[in-house]
Each structure stands twice: as C-alpha cells, then as structure tokens.
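The next block holds one structure in the form of structure tokens; read it before the comments.
The values are calculated or read from the model by the stated rules, or taken from the named source; none is laboratory data. Computed from a prediction, not measured in an experiment: that's the story for all the values here. Cβ placement follows ideal geometry from the backbone for every residue including glycine, while neighbour counts extend to all protein chains displayed. Only protein heavy atoms, including side chains, enter the accessible area calculation; ligands, DNA and RNA are left aside. Shrake-Rupley method; radii C 1.70, N 1.55, O 1.52, S 1.80 Å.
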Amino acid sequence: MTPGTGWRVLGAALCVVVAAIHVIDQGGIIGSKEPGYVAVGYWVLEVVGLLIAVPMVLTRSRWTWFVAAGVAAGPFVGYVLSRGPGLPDYTDDKGNWFEPLGVISLVVEAVLFGLASVAFVRDTRRRTRHLRMDR
C-alpha cells in the first residue's frame, strides 16, 4: 500500500509547522539568530520545509518523503547539539532542554520523521515489487 493523500497532507502540514516554529524561534522571518551559520541553517530549514510541502501534496514522489525526513532530522540534531555540548560560538541554549517551543518542535519533528520514514520505505517497497513484476 502506498502512502495516500491523507499521509501526504499530514506530512506537508508537519513540514510547514516545523518551518513556522523556527520562524517564531528566530523572532520573525528575517530573525536575529547568532552566529550567522545558525541563522542560515534556520533559513534553509524554513525554505525547504515550505517548498517541499507543495510537491508532497501534489505528487506521489518518494523523494518528497526523503526530504521531509531531513526537515525533521536536521533541527532535531541541532537541538541536541545546541543543548548538549553546544555549538561553536553558540551557547545561548546550552543546558536549556525543556524550553516549551523547543519541546514542541521535538515532538513535531519526531512525528514527521516517523511518518516520512514509514512512507518512504513503503513507497520504495511498492516500487521494487512493481519492477520485479515487470520483468
């Protein structure tokens, strides 16, 4: 069974929510995250999260799920690194594990990663079966 429209709409919505959470966290569209590489990471995440949502809903491409998994995994890893050992020139969040917006972000990212992973694997298996049957 291939992931249906409901899965794709949910995945797209979760990508948009991840982007929105990061816009809020940086203080607006342009924001004020420092150092610069953290700000750029936020911007890339937000743009990719918004851009992948459209083809995710409109197409059945398994690669949209692969990108969505990245939209979830990237900030999840960033959260752990920024709160744990810290990042170069960025210690603002070190040890701040239970910031409410950060926890909400982790939950959304975990759900998106799980959904995207299952959908990608299911779609890949379906395509592999079809290739075998075509021989």
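Worth a mention:
- Screening the stretch 28-135 for helices (runs of 4 or more DSSP H) wholly inside it with 1 or more residues that are closer than 19 Å to GLY11 by Cα, modelled with pLDDT of 95 or more and among the charged types (D, E, K, R) returns the ranges 36-58, 100-134.
- Filtering the stretch 1-54 to residues that are among the β-branched types (Val, Ile, Thr), over 14 Å from the mean Cα position of the chain (by Cα) and more than 30 Å from THR124 (Cα to Cα) leaves ILE24, ILE29, ILE30, VAL38, VAL40.
- Where a residue in the stretch 46-70 is among the aromatic types (Phe, Trp, Tyr) and its partner, wherever it lies, is in a helix (DSSP H, G or I) and buried (at least 19 other Cβ atoms within 10 Å of the Cβ), with Cβ under 8 Å and at least six apart: TRP65/GLY11; TRP65/MET56; TRP65/ALA116; TRP65/ALA119; TRP65/PHE120; TRP65/ASP123; PHE66/ALA116; PHE66/PHE120
- Pairs, first open to solvent by less than 60 Å² (accessible area, probe 1.4 Å) in the stretch 90-111, second in a loop (DSSP other than H, G, I, E, B), C-beta under 6 Å, six or more apart: TYR90/PRO35
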